[in-house]
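A short write-up of the structure that comes next.
The values are calculated or read from the model by the stated rules, or taken from the named source; none is laboratory data. Please read all numbers here as calculations on a predicted model, not as lab measurements. Don't worry about glycine lacking a Cβ; one is built from the backbone with ideal geometry, like all the others, and counts go over all protein chains shown.
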Amino acid sequence: MDYLLENKRKSNFSKKILLAAALTALLVFVIKRPPVISPSTKFSEHEPGVTHVLVTGGAGYIGSHAVLRLLKDSYRVTIVDNLSRGNMGAVKILQELYPEPGRLQFIYADLGDAQAVNRVFSENAFDAVMHFAAVAYVGESTVEPLRYYHNITSNTLQIVKAMSAHGVKTLIYSSTCATYGEPEKMPITENTPQVPINPYGKAKKMAEDIIIDFSKTSDMAVMILRYFNVIGSDPLGRLGESPRPELREQGRISGACFDAARGIIPGLKVRGIDYKTADGTCVRDYIDVTDLIDAHVKALAHAKPSKVGIYNVGTGKGSSVREFVEACKKATGVDIKVEYLSRRAGDYAEVYSDPSKINIELNWTATYTNLQQSLTTAWKWQKAHLNGYET
């Protein structure tokens, strides 16, 4: 009898182990399988009079502002983002603003996963792609170059291949002035030689080359926008910039200024005061995010089959880092402590644009050109969102 009971106990124990193993295997499958996309005929079928735009990186700072503008202009939008740099809080705000069926959907996917990218394209009917998704810090790129070539260059190749396979004919590529490197002459025009000096700029230029070379063999409509240093936020205070805490050291100078003004960091670190500029600090062309997105939307409207448009998106004037810091002090009302350090690897002295081409061909002109005003708008969002989108 004891022998039978012991066998029964062992049998039950074995069944429990098998059940646990089965559940574990199922959980691993669910985690690893490609993203599930909720079926919707509004997103999976082309609709006359409605342009469906895939926005990669649409949960990020710039991408989320692009989604907001596209929705405002009655586009249908699908966001694809792996949230490595983006913020689901921004997506939730966009969903709350435009809850109507068929307006906006979010898909969690990594553009480095070819299977996931193909599935996104096969289950949705896109008319155009705005490709923002990218890691985008110069300093970080010099430390992690392979990450940048994979995330920017390789992932762009995946997007172009998927567009080709699924017949999506319009691409708006969000590029950067970093592809120019440090030109001998200012201002920078679209004909300025591209000689990037850091992995970020090199990876972006390679991505441009992929797009341009492919366009020569297809009837794809391509617009490449090379923009400068982005600042500001949504004028109505709905969206802003909320980088992850671990990226603060790599982030934009505006974010660092605000962190210093809020006391999150003891002061602002300015890297490089011995450049060949008027005050020794770097000179940059600061473009407000609202103007930048307006340029992308105009590029989408003007995109033509078998044509490649390349445009600089900037204000046409440069401001030094010292000038930027003074404007930030006035915008925040805080006398920010400044520490001057040695140069950062991969940086360049002076970069600003000649926006004549985009002014003439796309009828685009920067309107938010007051540095202090743009910073004031962004500061208001920061003060209202002390914990980022968590509030």
- [ ] Being of a type outside the set (S, T, N, Q), buried (at least 23 other Cβ atoms within 10 Å of the Cβ) and either closer than 30 Å to Thr277 by Cβ or at pLDDT 95 or above (or both) narrows it down to one of Lys204, Lys169, Lys161, so name that one.
- [x] Lys204
Open item on the list: The conditions are (1) in contact with a Ser or Thr (Cβ under 7 Å, 6 or more places away or on another chain); (2) over 24 Å from Tyr200 (Cα atoms), and Val321 fails exactly one of them. Which is it?
Closed with: (2)
- [ ] Count, please, the residues in segment 213-231 that happen to be buried (at least 21 other Cβ atoms within 10 Å of the Cβ), over 10 Å from Val308 (Cα atoms) and modelled with pLDDT of 95 or more.
- [x] 5
- [ ] Hey, could you check segment 117-148 for residues that are surrounded by fewer than 18 Cβ atoms within 10 Å (Cβ to Cβ) and within 22 Å of Arg248 (Cα to Cα) and say which is modelled with the lowest pLDDT?
- [x] Gly139
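Test of understanding: among Ser141, Ser164, which residue is hydroxyl-bearing (Ser, Thr, Tyr), more than 23 Å from Met223 (Cα to Cα), in contact (Cβ under 8 Å) with a residue 12 or more places away in the chain and assigned to a helix (DSSP H, G or I)? Spell out how you get there, then give the answer.
Numbers: Ser164 fails: more than 23 Å from Met223 (Cα to Cα).
When all the criteria are applied, what remains is Ser141.
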Open item on the list: Of everything in segment 47-82, what is under 15 Å from the mean Cα position of the chain (by Cα), part of a loop (DSSP other than H, G, I, E, B) and farther than 11 Å from Leu104 by Cβ? Give them in sequence order.
Closed with: Gly57, Ala59, Gly60, Asn82
TODO: Considering each of Val36, Val30 in turn, give the residue that is modelled with pLDDT under 95, among the β-branched types (Val, Ile, Thr), assigned to a helix (DSSP H, G or I) and surrounded by fewer than 22 Cβ atoms within 10 Å (Cβ to Cβ).
DONE: Val30
Task: Checking Arg344 against (1) modelled with pLDDT of 95 or more; (2) touching a strand residue (DSSP E or B) at 6+ places or on another chain (Cβ under 9 Å); (3) under 30 Å from Trp379 (Cβ atoms), the condition it does not meet - done: (1)
Open item on the list: Testing Glu339 on (1) modelled with pLDDT of 95 or more; (2) of a type outside the set (S, T, N, Q); (3) surrounded by fewer than 16 Cβ atoms within 10 Å (Cβ to Cβ); (4) at negative phi, one condition comes back false. Which one is that?
Closed with: (1)
Task: Where a residue in segment 120-138 is in contact (Cβ under 8 Å) with a residue 12 or more places away in the chain and within 16 Å of Ser154 (Cα to Cα) and its partner, wherever it lies, is assigned to a loop (DSSP other than H, G, I, E, B) and small (Gly, Ala, Ser), with Cβ under 6 Å and at least six apart - done: Phe132/Gly57; Ala133/Gly57
- [ ] Filter segment 339-380 for residues that are closer than 22 Å to Glu323 by Cβ and in a helix (DSSP H, G or I) and give the result.
- [x] Leu371, Gln372, Gln373, Ser374, Leu375, Thr376, Thr377, Ala378, Trp379, Lys380
Task: Residues (surrounded by 16 or more Cβ atoms within 10 Å (Cβ to Cβ), in a loop (DSSP other than H, G, I, E, B) and of a type in the set (Gly, Ala, Ser)) located in segment 93-116 - done: Ala109
Open item on the list: Return the residues of segment 252-269 that are surrounded by 20 or more Cβ atoms within 10 Å (Cβ to Cβ) and either in contact (Cβ under 8 Å) with a residue 40 or more places away in the chain or assigned to a strand (DSSP E or B) (or both); say none if nothing qualifies.
Closed with: Ile253, Ser254, Cys257, Phe258, Ala260, Ala261, Leu268
- [ ] Answer yes or no: is there a residue in segment 282-296 that is in a loop (DSSP other than H, G, I, E, B) and at pLDDT 95 or above.
- [x] yes
